[in-house]
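Step one of this worksheet: look at the structure below.
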Amino acid sequence: MSGCERRAWMRLGLAALAGVVLCGLPASAVAADVVRINATLMRASNDAGAKGGKKQGLPGVLNFNSNQTVGSGSATIAVPGSASISLGQGHSLAVSLSPLSGNRVQASINWRGPAGSMQNTTVRLTRGGPSVFLGGGPKQDGGTMIVSVSAR
């Protein structure tokens with residue numbers, strides 16, 4: 001066997017060994033853990049004549065006469081990592097994720113509005129779980145601004 005043939009067989013053997021090692025590792029060790037964060041900006045009001053709104057209300061959460069979606073956005077974030085999500089009308093979220101056990105992440109969220117920082121909080125999100133609602137910010141366009149945040 002010539003030197004060239006021996007090197008070719010050695011390369012093939014090393015490639016096969018690398019494939020076996022990678023197949024034995026858990027998927028999280030091969031690919032980065034990523035989470036998709038979805039956010040929706042809503043204007044909630046008790047004004048019966050709110051334009052474009054519809055009475056929906058989630059009892060105990062969005063107990064308003066009308067809730068209108070005014071913008072939304074999403075970002076895929078490697079954990080740990082961060083991203084900015086634009087929601088429209090001068091609103092955005094700066095989101096930083098940290099890993100937690102199981103299917104959960106800790107999200108540090110800075111909600112910025114047209115006049116600057118509106119809310120800075122840390123929440124725990126479960127992938128595929130319920131949304132977390134941020135609100136109580138200043139009135140804008142005749143209603144209270146609320147943001148729904150979920151993880152997938």
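What are the residues in region 85-98 that are within 19 Å of G113 (Cα to Cα) and open to solvent by 20 Å² or more (accessible area, probe 1.4 Å), if any?
If the condition is that a residue be within 19 Å of G113 (Cα to Cα) and open to solvent by 20 Å² or more (accessible area, probe 1.4 Å), then S86, G88, Q89, G90, S92, A94, S96 are the ones that fit.
Of the conditions (1) modelled with pLDDT under 95; (2) within 15 Å of A39 (Cβ to Cβ), L93 clears all except one; give me its number.
So the condition that L93 fails would be (1).
Which pairs have Cβ atoms under 9 Å, sit 6 or more apart or on different chains, and link a residue in region 59-71 that is modelled with pLDDT of 70 or more to one that is open to solvent by less than 50 Å² (accessible area, probe 1.4 Å) and among the charged types (D, E, K, R)?
Filtered contacts from region 59-71: S66/R43; N67/R43; Q68/R43; T69/R43; V70/R43.
Quick one: in region 118-152, which of the residues that are small (G, A, S) and either over 22 Å from Q68 (Cα atoms) or in contact with a Pro (Cβ under 7 Å, 6 or more places away or on another chain) (or both) is surrounded by the most Cβ atoms within 10 Å (Cβ to Cβ)?
Within region 118-152, the match that is surrounded by the most Cβ atoms within 10 Å (Cβ to Cβ) is G129.
Quick check on this structure: which one of S82, S101 is open to solvent by 20 Å² or more (accessible area, probe 1.4 Å) and assigned to a strand (DSSP E or B)?
S82
The values are calculated or read from the model by the stated rules, or taken from the named source; none is laboratory data. It should be emphasised that the depicted structure is a prediction, and the values quoted were computed from it without experimental measurement. Positions of Cβ are generated from backbone atoms using ideal geometry, with glycine treated the same way; all protein chains shown enter the neighbour counts. Accessible surface is based on the protein model in full, side chains and every heavy atom, while ligands, DNA and RNA are left aside. Shrake-Rupley method; radii C 1.70, N 1.55, O 1.52, S 1.80 Å.
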